[in-house]
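Q: Please see the structure below; I have some questions.
The values are calculated or read from the model by the stated rules, or taken from the named source; none is laboratory data. Quantities reported herein were computed from a predicted structural model and do not represent experimental measurements. So basically every Cβ, Gly included, is an ideal-geometry build from the backbone, and we count neighbours across all protein chains shown. Ligands, DNA and RNA are excluded from the accessible area calculation, which covers all protein heavy atoms including side chains. Shrake-Rupley method; radii C 1.70, N 1.55, O 1.52, S 1.80 Å.
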Amino acid sequence: MADDTPSIYDELGVPRVINAAGTKTRIGGTRIRPEAATAMHRATTEFARISDLQAKASDTISNITGADAGYVASGAAACLTLAAAATITGHDPHAMSRLPQTDNRPNEILIPKVHRNSYDHALRAAGATLTDIGTNDHTLGPGATDLEPWEIEAAITDNTAAIAYVPRNNLPLDPIITTAHDHDLPVIIDAAGQLPPKHNLTRFIDAGADLVIFSGGKAIRGPQNTGIIAGTTNLITAIALQHLDMDTTINTWNPPPTLIDPTTLPGVPRHGIGRGYKVSKEALVGLITALQLYHQEDQHTQHQQHNHQLQKIATALTNIPHITITHHNKNDPTTTPTLEIAIDEPTLDTTTTDIVNQLQTTPPHIYLNHNPTTATLTINPTSLTTPETDTLIDQLTNTLST
Ligand SMILES: *Cc1c(COP(=O)(O)O)cnc(C)c1O
């Protein structure tokens with residue numbers, strides 16, 4: 001959008017911000033694809049059953065990821081809660097109605113210590129208890145950086161419901177999946193932030209993971225309040241049963257057969273733990289559209305465009321003293337390239353924290369990533385338009401030159 005186009009945020013008196021930080025929920029997440037926004041608008045004028053839209057989403061997710069089935073909830077964090085719920089309750093409507101109380105059912109989710117992060121609260125929200133695994137450290141340094149198969153094996157008890165994994169620290173996935181499956185336990189993967197590379201859409205499913213979660217509001221550029229779960233039919237059904245609004249009787253309930261087979265159930269589960277994570281017909285249509293487009297998108301072209309934007313910024317800042325600019329991931333089309341600006345804090349007599357605060361609090365309110373320890377600012381081009389790139393250049397030149 002050109003800078004002189006009237007903005008809804010201006011109209012509301014809410015300050016607009018420039019997002020040079022990637023896809024951050026606190027500043028609006030992603031720039032939704034125009035085709036997805038149009039599809040959402042078209043979805044507003046008529047009705048469809050949410051369960052049928054979920055069945056369509058399931059087919060789309062299945063085709064693209066190679067999983068048996070799929071589901072959409074209101075963000076990857078919501079998907080984590082639903083994944084945990086599904087591994088605890090199975091298809092038992094009574095157990096579903098009790099969550100987050102898990103009674104005497106297995107409710108422990110094992111998670112490598114190095115994968116603990118602030119989103120694992122979403123697993124606990126379903127009633128799961130997290131147990132850290134991995135104490136071995138080959139270098140005898142502090143902390144736990146490793147996890148060996150025997151440590152997984154030793155941690156599994158009758159109370160274990162699942163194993164969670166976050167693709168980080170290069171922890172091998174195969175031994176976790178093998179050990180989990182030896183014990184008939186599912187593996188949940190939080191791959192919310194693992195796109196790009198696009199290859200990750202299939203990679204974890206190929207490796208045998210049972211539930212794989214992606215954010216719909218990051219690189220896929222769907223509605224910000226969507227998340228995707230790809231997984232086994234059995235677990236996706238357990239998720240649908242505690243997410244869908246099913247205010248109906250067993251005799252008039254005709255859910256889409258690819259998601260739910262009512263003949264296997266004693267009754268209709270009522271408003272499960274996922275009810276608060278509902279997804280509108282508009283968001284479902286938007287997500288399906290965005291996922292198809294992301295799948296078709298040429299990673300190389302995208303990467304070149306991002307490199308071009310970053311190069312423009314680097315060139316414009318090249319004569320500013322006491323900063324060092326590094327263009328990361330320039331030659332790897334499977335990643336998002338970034339531009340790192342290292343600040344010589346003592347010479348400039350300022351800190352990156354002060355610079356970041358100044359950029360954020362004064363118009364045009366620029367948000368970028370920073371690391372105070374290494375005194376670096378990092379620009380991620382994912383959500384940055386061409387006119388915004390020019391504004392960013394002007395503002396950074398002013399801020400860093402004084
Ligand atoms: C972003 C992220 C989430 C949350 O995704 P939302 O779609 O915003 O709910 C969860 N886990 C990880 C690792 C993430 O990077």
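Q: Among the residues of region 188-218, what is the count of those that are farther than 19 Å from Ala128 by Cα and not in a loop (DSSP other than H, G, I, E, B)?
A: Total satisfying the criteria: 9.
Q: To continue, here is another question. Can you tell me which of Ala154, Ala219, Ala209 is in contact (Cβ under 8 Å) with a residue 24 or more places away in the chain and away from the ligand (no atom under 13 Å from the Cβ)? Walk me through it before giving the result.
A: Values: Ala154 fails: in contact (Cβ under 8 Å) with a residue 24 or more places away in the chain; Ala219 fails: away from the ligand (no atom under 13 Å from the Cβ).
Of the residues listed, the single one that is in contact (Cβ under 8 Å) with a residue 24 or more places away in the chain and away from the ligand (no atom under 13 Å from the Cβ) is Ala209.
Q: Another question, if that's okay. Would region 43-55 turn up any residue that is free of Cβ contacts under 8 Å to residues at least 60 places away in the same chain, farther than 16 Å from Thr237 by Cβ, open to solvent by 60 Å² or more (accessible area, probe 1.4 Å) and not in a loop (DSSP other than H, G, I, E, B)?
A: So far as region 43-55 goes, no, none of its residues is free of Cβ contacts under 8 Å to residues at least 60 places away in the same chain, farther than 16 Å from Thr237 by Cβ, open to solvent by 60 Å² or more (accessible area, probe 1.4 Å) and not in a loop (DSSP other than H, G, I, E, B).
Residues checked against (1) open to solvent by less than 20 Å² (accessible area, probe 1.4 Å); (2) charged (D, E, K, R); (3) touching a helix residue (DSSP H, G or I) at 6+ places or on another chain (Cβ under 7 Å):
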| residue | (1), (2), (3) |
| --- | --- |
| Pro172 | no, no, no |
| Ile176 | yes, no, yes |
| Val187 | yes, no, yes |
| Arg203 | no, yes, no |
| Gly222 | yes, no, yes |
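Q: Does Thr135 qualify as being β-branched (Val, Ile, Thr), open to solvent by 70 Å² or more (accessible area, probe 1.4 Å) and either within 16 Å of the ligand (Cβ to nearest atom) or in contact (Cβ under 8 Å) with a residue 12 or more places away in the chain (or both)? If you could, list the steps in order and put the result at the bottom.
A: Numbers: β-branched (Val, Ile, Thr): yes; open to solvent by 70 Å² or more (accessible area, probe 1.4 Å): yes; either within 16 Å of the ligand (Cβ to nearest atom) or in contact (Cβ under 8 Å) with a residue 12 or more places away in the chain (or both): yes.
When the stated conditions are applied, Thr135 passes them.
Q: So which residues in region 308-332 are under 27 Å from Pro197 (Cβ atoms) and of a type in the set (Gly, Ala, Ser), if there are any at all?
A: Initially, region 308-332 is screened for residues under 27 Å from Pro197 (Cβ atoms), giving 308-314, 325-332.
If the condition is that a residue be under 27 Å from Pro197 (Cβ atoms) and of a type in the set (Gly, Ala, Ser), then Ala314 is the only one that fits.
Q: Given (1) under 15 Å from Val72 (Cα atoms); (2) within 20 Å of the chain's Cα centre (by Cα); (3) open to solvent by 20 Å² or more (accessible area, probe 1.4 Å), identify the lone condition not met by Ile228.
A: Looking at each condition in turn, Ile228 falls short on (3).
Q: Can you spot a residue in region 95-106 that is away from the ligand (no atom under 16 Å from the Cβ), among the polar types (S, T, N, Q) and either buried (at least 19 other Cβ atoms within 10 Å of the Cβ) or assigned to a strand (DSSP E or B) (or both)? It would help to see each step written out before you state the result.
A: Residues of region 95-106 that are away from the ligand (no atom under 16 Å from the Cβ), as a first pass: 95-106.
Now narrow it down to the ones that are among the polar types (S, T, N, Q): 97, 101-102, 104.
Next cut, either buried (at least 19 other Cβ atoms within 10 Å of the Cβ) or assigned to a strand (DSSP E or B) (or both) only: 102.
Scanning region 95-106 turns up at least one residue that is away from the ligand (no atom under 16 Å from the Cβ), among the polar types (S, T, N, Q) and either buried (at least 19 other Cβ atoms within 10 Å of the Cβ) or assigned to a strand (DSSP E or B) (or both).
Q: Leu130 passes all but one of (1) in contact with a Lys or Arg (Cβ under 9 Å, 6 or more places away or on another chain); (2) open to solvent by 10 Å² or more (accessible area, probe 1.4 Å); (3) away from the ligand (no atom under 16 Å from the Cβ); (4) modelled with pLDDT of 95 or more; which number fails?
A: Unmet condition: (3).
Q: Suppose we keep only residues that are among the polar types (S, T, N, Q) and touching a residue at least 40 places away in the same chain (Cβ under 8 Å) within region 91-119. Which one would you say is nearest to Leu173 (Cα to Cα)? Outline the logic, then answer.
A: First, pick out the residues of region 91-119 that are among the polar types (S, T, N, Q): 97, 101-102, 104, 107, 117-118.
Subsequent filtering for residues that are touching a residue at least 40 places away in the same chain (Cβ under 8 Å) retains 97, 107, 117.
Values: Ser97: 33, Asn107: 22, Asn117: 18 Å.
Among them, the one singled out is Asn117.
Q: Within region 15-36, can you find the residues that are within 16 Å of the ligand (Cβ to nearest atom), in a helix (DSSP H, G or I), of a type outside the set (Val, Ile, Thr) and out of contact with any helix residue (DSSP H, G or I) (no Cβ under 6 Å at 6 or more places or on another chain)?
A: Scanning region 15-36 gives a single hit, Arg26.
Q: Just one of Ala39, Ala77, Ala122, Ala67 is in a loop (DSSP other than H, G, I, E, B) and either touching a residue at least 24 places away in the same chain (Cβ under 8 Å) or in contact with a His (Cβ under 6 Å, 6 or more places away or on another chain) (or both); which is it? First the steps, then the outcome.
A: On the way: Ala39 fails: in a loop (DSSP other than H, G, I, E, B); Ala77 fails: in a loop (DSSP other than H, G, I, E, B); Ala122 fails: in a loop (DSSP other than H, G, I, E, B).
Unique residue meeting the criteria: Ala67.
Q: Among the residues of region 252-303, write down those that are of a type in the set (Phe, Trp, Tyr) and modelled with pLDDT of 95 or more.
A: Scanning region 252-303 gives Tyr277, Tyr294.
Q: Restricting the search to region 225-243, which residues are in a helix (DSSP H, G or I) and within 16 Å of the ligand (Cβ to nearest atom)? Walk me through it before giving the result.
A: From region 225-243, those in a helix (DSSP H, G or I) are 233-241; that's our starting set.
Listed by number, the list holds a single entry, Ile239.
Q: Residues Thr347, Thr335: which one is within 29 Å of the chain's Cα centre (by Cα) and either surrounded by fewer than 19 Cβ atoms within 10 Å (Cβ to Cβ) or at pLDDT 95 or above (or both)?
A: Details: Thr347 fails: within 29 Å of the chain's Cα centre (by Cα).
Only one candidate passes the filter, namely Thr335.
Q: Cβ-Cβ under 9 Å, sequence separation 6+ or interchain: first residue in region 229-245 and over 21 Å from Arg203 (Cβ atoms), partner surrounded by fewer than 24 Cβ atoms within 10 Å (Cβ to Cβ) and of a type in the set (Phe, Trp, Tyr). Which pairs?
A: His243/Tyr277
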